[in-house]
Amino acid sequence: MLMASALLLPARPHHPHHRYTRYRVQATAFCQRGVTKAGTISHTGTVAADPAIFPLGTVLRVRGAGRFDATYIVADTGSKIDGRHIDIFMPSTVAARRFGKRMVWVQVVKWGSGDVSDRADHAVHRAAVGRIGAADRAH
């Protein structure tokens with residue numbers, strides 16, 4: 001009898017696990033071109049992150065990175081990237097050294113599913129090049 005009444009009760013609504021969308025993270029820079037964990041080539045608009053925090057394919061808006069404030073896609077991971085830490089691709093060794101290490105804010109624009117589509121990769125690349133290029137022209 002008890003089992004029958006349990007089957008007749010309406011199911012509880014499913015609430016997806018809440019995730020924050022704004023994080024304070026440590027940012028560093030890299031300038032080495034190569035194949036990322038997602039299978040793309042590292043370029044402007046690419047960041048490496050801990051996949052336990054930001055899965056591959058996550059789109060992040062970065063603020064507090066000076067002229068590198070832009071939108072990026074998580075396309076890589078790294079053995080030294082652990083926890084709330086991102087590694088931003090820079091166009092040169094000089095830019096990466098100047099950037100150094102700093103605390104930045106990241107806003108999750110879209111959570112990734114563990115892979116990176118060519119379409120999303122190209123869109124973020126174009127937007128980042130436009131934003132960073134505009135910041136360079138302003139200086």
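Here are the numbers:
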item: Separation in nanometres of the label points that stand 7 Å from Cα toward Cβ, at ARG98 and ASP118; result: 3.4 nm
item: Label-to-label distance, nm, for residues given as VAL129 and ILE41 (7 Å Cα→Cβ offset); result: 1.1 nm
item: With 5 Å bins from 0: P(r) over segment 20-138, alpha-carbon pairs, percent; result: 2, 13, 25, 29, 21, 8, 2, 0
item: Per-residue HN-Hα couplings for segment 25-35 [Karplus 6.51, -1.76, 1.60; θ = phi - 60°; Hz; x = Gly/Pro]; result: 9, 7, 10, 10, 9, 9, 9, 7, 7, x, 7
item: Placed amide H near LEU56: partners under 5 Å, 5+ positions off or other chain; result: GLY114
item: Taking only Cα atoms of segment 69-113, radius of gyration then Dmax in Å; result: 11.6, 33
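Any read-out appearing in this document is the output of simple, stated calculations on the displayed coordinates, not a laboratory observation. Predicted model only: the values in this text are computed from it and were never measured. Positions of Cβ are backbone-derived with ideal geometry, glycine not excepted, and every protein chain shown enters the neighbour counts.
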